[in-house]
1. Of everything in the range 208-258, what is in contact (Cβ under 8 Å) with a residue 12 or more places away in the chain and not in a helix (DSSP H, G or I)? Give them in sequence order.
2. When only residues in the range 126-142 that are of a type in the set (A, V, I, L, M) and under 17 Å from the mean Cα position of the chain (by Cα) count, which is surrounded by the most Cβ atoms within 10 Å (Cβ to Cβ)?
3. Hey, does the range 117-125 have a residue that's at negative phi and small (Gly, Ala, Ser)?
4. Give me a count of the residues in the range 250-287 that are out of contact with any helix residue (DSSP H, G or I) (no Cβ under 7 Å at 6 or more places or on another chain) and basic (Lys, Arg).
5. Could you tell me whether Glu271 is among the charged types (D, E, K, R), closer than 16 Å to Arg196 by Cα and surrounded by fewer than 19 Cβ atoms within 10 Å (Cβ to Cβ)?
6. Considering only residues of the range 96-146 that are among the polar types (S, T, N, Q) and farther than 24 Å from Gly183 by Cα, which is modelled with the lowest pLDDT?
7. Name the residue that is surrounded by the fewest Cβ atoms within 10 Å (Cβ to Cβ), counting only residues in the range 185-209 that are under 10 Å from Val269 (Cβ atoms) and of a type in the set (Gly, Ala, Ser).
8. Do we have Tyr218 as in contact with a Pro (Cβ under 8 Å, 6 or more places away or on another chain) and buried (at least 18 other Cβ atoms within 10 Å of the Cβ) here?
Amino acid sequence: MNRACPVFLTAALLTAATPLLHAQAPAPSPAPAPTTGAPVPPDKGGGELDLSKFPGQVIDEVIVPVPSEIFTVLDKLGDPDWKAEVGVTAKPAFSERTDVALLLGATVADGFIAVQAEDKKSVQDVGKNVLSLAGSLGVKDDVIRHCQAIEDAANATKWDVVRQELDATQATVRSKMMQMQDGALAECISVGGWLRGTQVITAVIGKKFSAERAELLYQPDLAEYFNDALEEMLLKARNPGKLKEIANGLARLRELMDNGGGDINATAVAEMNTLTAALVKKITSKP
């Protein structure tokens with residue numbers, strides 16, 4: 001079975017090349033320029049990846065795609081009803097910073113889905129929500145220009161520009177978190193976005209299942225990597241229960257994505273969707 005280049009999405013949706021807690025990655029540049037390709041080691045899934053064609057960052061042999069890469073993947077899904085997957089709603093106010101970071105990642109993911117649906121109002125709402133959440137993390141001034149650019153581009157229906165600004169927004173927040181030596185928050189942003197993106201993609205694939213489409217979900221190494229990162233955060237977390245539930249969910253996602261090395265079937269896709277929907281609900285709402 002050839003699994004060389006399963007670029008799944010969601011990392012994107014928001015997770016972009018986020019340095020993890022224990023990763024030995026160079027300090028990020030303040031400028032949110034798009035990430036370029038870099039040499040990549042063999043994929044743990046068994047194939048050889050040509051990273052010159054795959055923008056992202058390699059962390060402990062796991063590829064974390066940049067957000068814009070998601071659209072390459074979405075194109076492979078044909079023309080589904082993306083408007084049905086848009087889920088931009090009022091966001092709760094959290095006091096715990098890890099909760100805010102998880103929610104920010106999921107919110108940026110909503111932005112990419114809204115762009116795919118060309119939903120102007122939802123994109124504008126995402127910009128406002130991102131600005132509010134960035135304020136809770138102390139980086140509001142750093143993202144104001146991006147949020148304004150998102151609103152302006154949505155008004156002009158310049159969707160490519162909206163995507164670029166969503167990329168830039170997450171890159172800026174991540175960079176500031178790392179400058180503040182808060183890699184855990186940067187990681188939470190990635191996890192929140194990846195889970196929301198996975199929820200949407202499993203919903204789309206489930207409505208029109210095929211083995212080829214399901215192959216896009218083959219990212220067990222990434223699920224395991226995020227699981228390990230959250231497990232490490234538990235030692236210092238003020239709300240370990242929530243992180244533990246998400247970590248357990250990621251461990252189950254890894255099992256479903258790996259499927260013992262076999263093809264991912266429709267039953268597994270349905271369970272992934274149910275699981276990620278439950279985890280996203282935890283991220284986007286209060287108990």
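The values are calculated or read from the model by the stated rules, or taken from the named source; none is laboratory data. Owing to the predicted nature of the structure, the values given are computational and were not obtained by experimental measurement. FYI the Cβ positions are ideal-geometry reconstructions off the backbone, even for glycines, and counts take in every protein chain you see.
1. If the condition is that a residue be in contact (Cβ under 8 Å) with a residue 12 or more places away in the chain and not in a helix (DSSP H, G or I), then Lys208, Phe209, Tyr218, Gln219, Leu234, Lys236, Ala237, Arg238, Asn239 are the ones that fit.
2. The first filter runs over the range 126-142 and keeps only residues of a type in the set (A, V, I, L, M), leaving 126, 130-131, 133-134, 137, 139.
Those left that are additionally under 17 Å from the mean Cα position of the chain (by Cα): 126, 130, 133-134.
Numbers: Val126: 29, Val130: 25, Leu133: 25, Ala134: 23.
Per the criteria, the residue is Val126.
3. From the range 117-125, those at negative phi are 117, 119-125; that's our starting set.
Filter once more, so that each one left must be small (Gly, Ala, Ser): 117, 122.
Yes, the range 117-125 contains a residue that is at negative phi and small (Gly, Ala, Ser).
4. So the count comes out to 2.
5. Numbers: among the charged types (D, E, K, R): yes; closer than 16 Å to Arg196 by Cα: yes; surrounded by fewer than 19 Cβ atoms within 10 Å (Cβ to Cβ): yes.
Answer is yes for this residue.
6. Initially, the range 96-146 is screened for residues among the polar types (S, T, N, Q), giving 98, 107, 116, 122, 124, 129, 132, 136.
Filter once more, so that each one left must be farther than 24 Å from Gly183 by Cα: 116, 122, 124.
On the way: Gln116: 88, Ser122: 93, Gln124: 92.
Among those that are among the polar types (S, T, N, Q) and farther than 24 Å from Gly183 by Cα, it is Gln116.
7. Here the residue is Gly206.
8. Values: in contact with a Pro (Cβ under 8 Å, 6 or more places away or on another chain): yes; buried (at least 18 other Cβ atoms within 10 Å of the Cβ): yes.
Here the answer is yes, as Tyr218 does meet what is asked.
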